[in-house]
Amino acid sequence: MTSIVPAEATGTRAKTSGQVVGTASGGPARTAPAALAPRARLLPSMAAVYRAQLSRARVARIPLLFVATFQSIGIMVLMRGVVDGGAEARAVVAGSSVLVVAFVALNLLAQYFGRLRADGGLDHYATLPVPPAAVVLGAAGAYASFTVPGAIVTAVTGSVLFGLPMTHLWVLVAVIPLSGAALSGLGAALGLLAPRQELATLLGQLGMSAALLLGVLPAERLPGPVGWARDLLPSTYGVEALARSFDAHPDWAVVALDLAVCAAVGVLSLAVATWAYRRAAVR
């Protein structure tokens, strides 16, 4: 049966969460804790971080992207004097195109996270109600996006320079994001795990140099131990997939396998970067 007795007569008066709750005994009023807002979901949080990084880095990164593209085209011009064509030319063009991705996604991202950790910028991100993976994926995606124009220009220029067919250059649609994910994850992990900002910059430079030497030079001309190191480089499989696409009749099964390996390495490297972010944010 519903009571019609006023609430004051019952000895208490309660209101909704966050409002004053008092007692008839004259005790001090207390405030009920308000319910916390739900934690932000991964995809919306990642999109917000991506847009923020893209807008604030657009002006600063365009000159660096020009430098990365000019550097890759210059390497192809130099290699044109010692490589005439064939498999070696395909390797040079493919490696130079992915080198643009390595310069931005690996080198610059390692420097960015190293500086962020040294300056205390991670404290800002740690206070936001967003998953750690959203910060890493959003920043990695923004930096990888800057590589798209330079990689396309490099691939087209190299194809003209070495007389390679451009029929299957649409493979770049898969090569750029997958290689970008793998190299971005590696760059973020290096920047977050480095104990000092200077060391993060050094590791980023060494990673880009490895992508240059192991990606641009034809695999057949590398010594055995160096070839094994090439297989461990995340961008190698993107380079191989792009190089195979220059064939008159590419083996698409092998191309798909290379892209699948590149995707798996990308997932692994981004997972390591997310772990490194959690580790750095709580220290």
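The values are calculated or read from the model by the stated rules, or taken from the named source; none is laboratory data. All values derive from a computational prediction rather than experimental measurement. Because the Cβ atoms are built from the backbone with ideal geometry, glycine has one as well, and the counts that use them run over all protein chains shown. Heads up: the accessible areas ignore ligands, DNA and RNA and are worked out on the full protein's heavy atoms, side chains in. Shrake-Rupley method; radii C 1.70, N 1.55, O 1.52, S 1.80 Å.
Quick look at the numbers
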{"item": "Vicinal HN-Hα couplings computed from phi for the stretch 72-82 (Karplus, 6.51 cos²θ - 1.76 cosθ + 1.60; Hz; Gly/Pro x)", "result": "5, 5, x, 4, 5, 5, 5, 5, 4, x, 10"}
{"item": "Sequence ranges 89-97, 142-150, 77-85, ranked by mean other-Cβ count within 10 angstrom, highest first", "result": "89-97, 142-150, 77-85"}
{"item": "Solution diffusion estimate, µm²/s, Stokes-Einstein, the stretch 142-273, Kirkwood Rh from C-alpha pairs, 4 °C, viscosity 1.567 mPa s", "result": "83 µm²/s"}
{"item": "Length-normalised contact order for the stretch 165-283 - Cα pairs under 8 Å, 6+ apart - percent", "result": "46 percent"}
{"item": "Label point distance in nm, residue 70-residue 221, each placed 7 Å from Cα along Cα→Cβ", "result": "2.5 nm"}
{"item": "Under the Karplus curve 6.51 cos²θ - 1.76 cosθ + 1.60, θ = phi - 60°, whole-Hz ³J(HN,Hα) for the stretch 135-150, x wherever Gly or Pro sits", "result": "5, 5, 5, x, 5, 5, x, 5, 5, 5, 5, 5, 7, 4, x, x"}
{"item": "Spin-label model distance (nm) - residue 229 vs residue 268, 7 Å beyond Cα toward Cβ", "result": "1.9 nm"}
{"item": "Apportionment of accessible area to carbon and sulfur, the stretch 74-227, percent (1.4 Å)", "result": "69 percent"}
{"item": "Rounded FRET efficiency, nearest 0.05, which uses the C-beta distance separating residue 247 from residue 173 and R0 of 22 Å", "result": "0.75"}
{"item": "Spin-label pair residue 213/residue 48, simplified geometry with 7 Å Cα→Cβ offset, distance in nm", "result": "4.4 nm"}
{"item": "Per residue solvent-accessible surface (Å²) - the stretch 184-264, probe of 1.4 Å", "result": "47 Å²"}
